[in-house]
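K.L.:
Please read through the structure below; I'll follow up with questions.
Each reported figure results from applying straightforward, stated rules to the coordinates on display, with no laboratory input. Being a predicted model, the structure only gives us computed values, none of them experimental.
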């Protein structure tokens, strides 16, 4: 039997994640992508904001914006729903329209 210092008897090193042991793994191991999306109606009318894309590289169907309470006004949530916007060449982009009923 070989002595305990033989290379075959040394324990294998533990595999490490490239991000390091202390940092959690990211769900998407690449750069997070976003799309500049126009908001129509409501308090965000006319603004173009970057919205994170999902796994299908599309913006979410519903975009909720939490508004914190201030003074006597309670906290609310603004709800925007995705809608298609067509240009002159027939192509479309997503935009968000304000949903006052929610």
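K.L.:
What value in Å³ per residue do you get for the convex hull of the alpha-carbon atoms in the range 25-98? Don't skip to the end; give the middle numbers.
P.N.:
Details: hull volume 9.0 nm³, N = 74.
Value for the range 25-98: 121 Å³ per residue.
K.L.:
Let me ask you something else. Please give the length that would be gained between residue 77 and residue 65 if that part of the chain were fully extended, namely 0.36 nm times their separation in residues minus their C-alpha to C-alpha distance (nm, one decimal).
P.N.:
In short, 3.8 nm is gained.
K.L.:
Counting alpha carbon pairs within less than 8 Å and at least 6 residues apart, what relative contact order, in whole percent, applies to the range 25-98?
P.N.:
In percent, rounded to a whole number, it is 27.
K.L.:
What would the Debye equation give as log₁₀ I(q)/I(0) for the range 55-102 at q = 0.18, 0.21, 0.27 Å⁻¹, counting only Cα atoms as equal point scatterers?
P.N.:
After summing over all Cα pairs, the log10 values are -0.68, -0.80, -1.00.
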